[in-house]
1. I need the Debye-formula profile for the stretch B:18-96: one equal scatterer per C-alpha, no solvent, reported as log10 I(q)/I(0) at q = 0.12, 0.13, 0.19, 0.25 1/Å, two decimals.
2. To the nearest 20 debye, what is the magnitude of the charge dipole of chain B about its Cα centre, counting +1 on the Cβ of each Lys and Arg and -1 on the Cβ of each Asp and Glu?
3. Can you list residues whose amide H is under 5 Å from residue A:331's amide H, if they're 5+ apart or on another chain and H is modeled 1.01 Å from N?
4. List the aspartates and glutamates whose Cα sits under 20 Å from the Cα of residue B:55, skipping any in the same chain fewer than 8 residues away.
5. Along the stretch A:133-142, what does the Karplus equation 6.51 cos²θ - 1.76 cosθ + 1.60 (θ = phi - 60°) give for ³J(HN,Hα), rounded to whole Hz, x for Gly and Pro?
6. Can you put A:174, B:67, A:45, A:207 in order of Cβ neighbours within 10 angstrom, beginning with the fewest?
7. Please give, to one decimal in nm, the separation of the simple spin-label points placed at residue B:8 and residue B:45, each 7 Å out from Cα toward the Cβ.
8. What percentages make up the Cα-Cα pair-distance distribution of the stretch A:100-153 when the bins are 5 Å wide from 0?
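Read-outs: derived from the displayed coordinates by stated rules, not from any lab. The structure presented is a predicted model; accordingly, all values stated were derived computationally and were not measured. Heads up, the Cβs are rebuilt from the backbone with ideal geometry, glycines too, and the neighbour counts pull from every protein chain shown.
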Amino acid sequence: MYLSENQQSSNICVIGGGIVGLAISLGLLRHGHKVTLLDESDDAFRASRGNFGLVWVQGKGDTQPQYASITRQSASLWKPFASLLQEETGIDIQLEQKGGLYLCLSEQELQARQTMLTKMKQAANHDYPFSTLDLQQVREFFPEAGPEVVGATWCPEDGHLNPLLYLRSMTELFLKRGGKLAHQGRVVNITKQSTDFILTTEKNTTFHCEKVVLTAGLGNKTLAPMVGLNAPVQPNRGQVLVSERVKHFINYPTGHVRQTGEGSVQIGDSKEDVGFNQGTTLEVMAQIASRARKMFPILKDVQLIRAWGALRIMTPDGYPIYEQSESHPGAYLVTCHSGVTLGAFHEGPLADWISNDKFNPAWEVFHANRFSL
Amino acid sequence: MPTDSRFNRQPIRESEAIQVSINGKKVMVQPNDSVAAAILLSGVDVNRKTPVSGKKRAPYCMMGVCFDCLVRVNGEENIQGCMVKVEANMDIQTQDGTRQAIK
């Protein structure tokens, strides 16, 4: 149900109705909690509506083995999660996990990736599947790969999905399972009164709960200090181009280009530090289009129909923050950049932690105190 | 050729008609007509079927916004018919489903 206000009915409030907040909320509903999800409004920075849709393993966590580990854990949990969403809502989120390629346009780039992935494989006691392909081998996957492609790294655990259908299916399942969705604007204040948290919104409505989970993306930066937590997140803009629908010719996702279930080619690999600006620029669009054309020259005859900018939610080291407040027990912070890849992990083990307070000690590396050490 | 269109041309200053081909049929049109207008006047009801659900589409907004009037023009697919003016002997064909990027 949708609601405007609750005085005391939920035992957990989740702040932030994007893919991170919804995945956590679904996990909490699975444990039988009453959950209210507070979703800001359409003028919020909706990272969940602008992302690329990769379920990506290769290279994630090259400087943090525990991140590589939860990434792979999530990838392995994705198929049952996607099946559940389809069974319960009838929405096929177009999950495909049959491997992905990271195409390289220079020998140097390919060498650097191979070195990085080799180190990750050593760090994982050789349990880290990847291989390096030359152009001829790339063409076994992509007959259309251009002559400027030097090679690629391949990981059989990579995949992709449709992020908008993912968002929609989770919203529907959340409502179906009795979750309450509130659209009362931003949460402007959180206080604690005896055992209850009291949340106040922009519209001056209040919500009471025993536990509160911060999943508000860039909004976590201001919310976290209200409950004794620290979320030093910064926006990082990515621009995405989308083409007309064409018959499938890119049958595996790549780090830069993928083709959606409907046939649109989606292109995007830009990273810019431009504050809270969600716009697009001709210069960057031209750069990413040019790179994509080198990878797949036939894109020169494919029309682009749409472009957008969206803001990634980046911590200083790019890794997530998972933490319960020491000063305000019952307040949890969950923030990450890879909300799609980590979706199944968030719905599963991470929601289990918030439900039962059994924190896996291996996740202590995701505490925010790493930024002040 | 006789046409069976539900669209009628308003009185205009007539220019010399030019001939185009719509799905192989010869049609006489005015030189300032758009491809989408030519389709509507020719009595062709459906200019494409959508890639995902296969639903029928006809020109709708006539101003470049809705993308429903996509057709094949001189062999090139997914052309917005309302944004292109007819030319003598133009080959206009309706589309079924997704276009091929690889020819």
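1. Taking Cα atoms of the stretch B:18-96 as identical point scatterers yields -0.27, -0.31, -0.68, -1.19.
2. 300
3. Those lying under 5 Å, H to H, from residue A:331 are A:212, A:325.
4. By straight Cα distance, residue B:55 reaches A:92, A:244, A:262, B:45, B:68, B:77, B:96.
5. In residue order, the calculated couplings are 10, 8, 4, 4, 5, 4, 5, 5, 8, 10 Hz.
6. Final ranking by Cβ density, sparse to dense: B:67, A:45, A:174, A:207.
7. 2.1
8. All Cα pairs, binned at 5 Å, distribute as 5, 22, 29, 20, 14, 8, 3, 0 percent.
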